[in-house]
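Accompanying notes for the structure given below.
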Amino acid sequence: MNMRTPLKNVRRLGSAKEGADHFWMQRVTAVANLFLGLYLVWLIASLAGADYAAVKTALANPINTVLLMLLIVSSTIHMRLGMQVIVEDYITGEGAKIICLLANNFFAILVAAVSVWAILKLSFGS
């Protein structure tokens with residue numbers, strides 16, 4: 001029994017071999033965001049009502065800095081992948097799709113870079 005459509009038989013196009021990677025990266029970043037997000041909620045709750053010096057000391061801890069940067073990187077990757085799916089599914093024009101995908105990538109890089117810079121600035125005490 002042949003499950004191919006007549007159009008697929010004519011074009012002889014197979015799988016792009018990219019869907020599984022995208023799917024798994026979305027799931028891995030979702031799980032990472034779950035645990036790192038819970039850590040962030042705990043960190044914020046533990047610093048609630050603290051003065052500036054206490055917050056600065058907590059953020060100067062390398063473990064806190066690294067975990068916050070991991071959260072930023074994981075979140076921006078997850079955001080980029082999710083928006084990529086939305087653009088690919090709902091933008092019909094090829095030119096508009098390419099522009100939106102480029103803007104999505106640049107925006108994710110910008111958000112990650114500015115956020116990591118802010119964490120490092122707080123961590124190193126500027």
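The values are calculated or read from the model by the stated rules, or taken from the named source; none is laboratory data. Here the structure is a predicted model, which is why all the values come from computation and not from measurement. Note: ideal-geometry Cβ built from the backbone for every residue, glycine included; neighbour counts use all protein chains shown.
Based on what the data block shows, is Ala50 surrounded by 10 or more Cβ atoms within 10 Å (Cβ to Cβ) and not in a helix (DSSP H, G or I)? In short, yes. Check whether at least one residue in the range 70-86 is loosely packed, with under 11 Cβ neighbours inside 10 Å, part of a helix (DSSP H, G or I) and not small (Gly, Ala, Ser), and report yes or no. No - not one qualifying residue is present in the range 70-86. Check the range 99-110 and report whether any residue there is within 15 Å of Ala32 (Cα to Cα), touching a Ser or Thr at 6+ places or on another chain (Cβ under 6 Å) and part of a helix (DSSP H, G or I). No: zero hits.
In this structure, is Leu102 modelled with pLDDT of 95 or more, more than 17 Å from Met25 (Cβ to Cβ) and surrounded by fewer than 16 Cβ atoms within 10 Å (Cβ to Cβ)? Taking the combined requirement at face value, the residue satisfies it.
Just the residues that are under 24 Å from Gln84 (Cβ atoms) and aromatic (Phe, Trp, Tyr), please, taken from the range 21-52. So that I can check it myself, show each step before the final result.
To start, the set of residues in the range 21-52 that are under 24 Å from Gln84 (Cβ atoms) comprises 21-37.
Selection gives Phe23, Trp24, Phe35.
Scanning the range 38-67 for residues that are over 24 Å from the mean Cα position of the chain (by Cα) and under 17 Å from Ser115 (Cβ atoms) yields a single hit, Val55.
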